[in-house]
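The values are calculated or read from the model by the stated rules, or taken from the named source; none is laboratory data. From a predicted model like this one, the values you see are computed outputs, not experimental measurements. Methodologically, a virtual Cβ is constructed for each residue, glycine included, from the backbone with ideal geometry; neighbour enumeration extends over all protein chains shown.
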Amino acid sequence: MNYFEYRDGRLLAEGVSVSEIAERVGTPVYIYSARTLRRHLRVVREAFAGTDTIICFAMKALSNLSVLKLFSDLGAGFDIVSGGELMRCLTAGADPSKIVFSGVGKTDSEIEMALRTGILMLNVESRPELYRVSEVAQRLRLTAPVSLRVNPDLNPATHPHISTGHRDSKFGIPLSQVRDYYAEARGLPNLKLIGLTTHIGSQITETSPFVEAAQKLATIVRDLRRDGIALKFLDLGGGLGIPYQEQSPLPAEYAAALLGPLRGLELTIIIEPGRVLVGNAGILVTRVLYVKETDVKRFVVVDGAMNDLIRPVLYEAYHEIRPVEERQRSAVQIADVVGPICESGDFFARERELPEVQAGDLLAVMGAGAYGFVMASNYNSRPRAPEVIVDGTRFHVVRERESYEDLIRGERIVPLREGPDA
């Protein structure tokens, strides 16, 4: 559910006209609904009510400071994957004791930053990383709270680029080696083994993979207890999908799938929802520049592009596209919705049935809150779009549109030797 709806033929974000935002801020523009963000966090929290669970927003999905501040104020923690994300969390006022640091390639400086900050734990994904964390912790004379991430050898039905729990993935420790890793880690200095972690993928639209993953982790926890290793936290990652086009389980069904196999373990559960909290809370608004007709195709050319939203070409992702103004339209058309970038992959939709549009019309690309702006780039030297948050009847620009000057900030022209063979 989200709070983008039509009223008197106009698309509203909560109580604000989307067209008014577009006129005042320009296009393309990302618009987020604060009410939707709050509701989604509440629904996930209610799904795990009565359990010892920490909800850590997977901020790689959407890292705007105002979004982080909203979630932090509501008591959420954060799942981070870089030093930059840690800096954003701290800037937004996040509680370090609710931050977990994931990822296969943490640098020494990132590990040091995390340990000095006092985060909840580092999710370690390889033997070399385990030793590196121990070395950094020794140098700092600190104790590193560590959870080992297991690769459960599952391949959920999702896009291969976002499937992270199968044996060919770069993520995690092989299932067969987990007990050996813990035994080895127990002998390393300045480490405190406090958790076990997994994450099987993203945009998962059935519960069975979550059940299987939870069953495998429950078995590992019991084996480790027999080995004399008692853990405190079980981090089950995220991955619950949203209905871009397909149907997805409700958070209550997701919670039941995870918690069923874990009964009796008496561990604190950590979940890392990302897309499910922010995906449907955001839209990308773009303006039609031209409607181009060829012998075989109709193209709706808009001012948004793949540098603004790369998911359609990168993941073959579907996003519903709606007109911002529901005026009386004469016909339905089949068209490709494409942007100005010099790539054939620059499209938001192909062979899509749309109400007839014309130059100047505004279109809303729905479900763009997750992995939208955060994956944006300056390809073709295009400034990145602004971000706006609507809260009731007011809206706030929470990231300004980049300028041409922003594109070259930090660059310099240096004198080079002249001549063809210089």
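The table that follows gives values for the structure above.
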item: Residue among Leu234, Leu267 that alone is closer than 19 Å to Val150 by Cα, free of Cβ contacts under 8 Å to residues at least 60 places away in the same chain and not assigned by TED's automatic domain parsing to the domain that holds His319; result: Leu234
item: Residue among Leu148, Leu175 that is in contact with a helix residue (DSSP H, G or I) (Cβ under 9 Å, 6 or more places away or on another chain) and modelled with pLDDT of 90 or more; result: Leu148
item: Filter result for Leu354 (surrounded by 15 or more Cβ atoms within 10 Å (Cβ to Cβ), assigned to a strand (DSSP E or B) and either under 26 Å from the mean Cα position of the chain (by Cα) or free of Cβ contacts under 8 Å to residues at least 60 places away in the same chain (or both)); result: yes
item: Single condition Ala94 does not satisfy, out of (1) within 30 Å of Ala183 (Cα to Cα); (2) among the small types (Gly, Ala, Ser); (3) surrounded by 23 or more Cβ atoms within 10 Å (Cβ to Cβ); result: (1)
item: Which listed residue, of Val67, Val43, is aliphatic (A, V, I, L, M), farther than 17 Å from Asp235 by Cβ and in contact with a Pro (Cβ under 9 Å, 6 or more places away or on another chain); result: Val43
item: Qualifying positions in the stretch 377-396 - over 21 Å from the mean Cα position of the chain (by Cα) and within 19 Å of Ser33 (Cα to Cα); result: Asp391, Gly392, Thr393, Arg394, Phe395, His396
item: Per-region count, the stretch 213-255, residues of a type in the set (S, T, N, Q) and at pLDDT below 90; result: 3
item: Among (1) in contact with a strand residue (DSSP E or B) (Cβ under 8 Å, 6 or more places away or on another chain); (2) modelled with pLDDT of 95 or more - the single one Glu356 does not satisfy; result: (2)
item: Residue satisfying condition, being of a type outside the set (A, V, I, L, M, F, W, C) and either in contact with a Lys or Arg (Cβ under 8 Å, 6 or more places away or on another chain) or closer than 20 Å to Arg287 by Cβ (or both), within set Pro420, Pro383, Pro415; result: Pro383
item: Entirely in the stretch 205-281, the helices (runs of 4 or more DSSP H) that have 2 or more residues that are buried (at least 22 other Cβ atoms within 10 Å of the Cβ) and more than 25 Å from the chain's Cα centre (by Cα); result: none
item: Flag if Ser97 is closer than 25 Å to Gly372 by Cβ, out of contact with any Ser or Thr (no Cβ under 8 Å at 6 or more places or on another chain) and polar (S, T, N, Q); result: no
item: Qualifying residue in the stretch 121-129 (condition: without any contact (Cβ under 8 Å) to a residue 40 or more places away in the chain, farther than 21 Å from Ile200 by Cβ, under 14 Å from the mean Cα position of the chain (by Cα) and part of a helix (DSSP H, G or I)); result: no
item: Hits in the stretch 293-322 - residues which are acidic (Asp, Glu) and in contact (Cβ under 8 Å) with a residue 24 or more places away in the chain; result: Asp303, Asp308, Glu316, Glu320
item: Residue within the stretch 122-140 that is touching a strand residue (DSSP E or B) at 6+ places or on another chain (Cβ under 6 Å), modelled with pLDDT under 95 and of a type in the set (Asp, Glu) present; result: yes
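Quick grid of which residues meet (1) touching a helix residue (DSSP H, G or I) at 6+ places or on another chain (Cβ under 7 Å); (2) surrounded by 12 or more Cβ atoms within 10 Å (Cβ to Cβ); (3) not assigned by TED's automatic domain parsing to the domain that holds Thr27:
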site	(1), (2), (3)
Pro323	no, yes, no
Ser344	no, no, no
Pro383	yes, yes, no
Ile413	no, no, yes
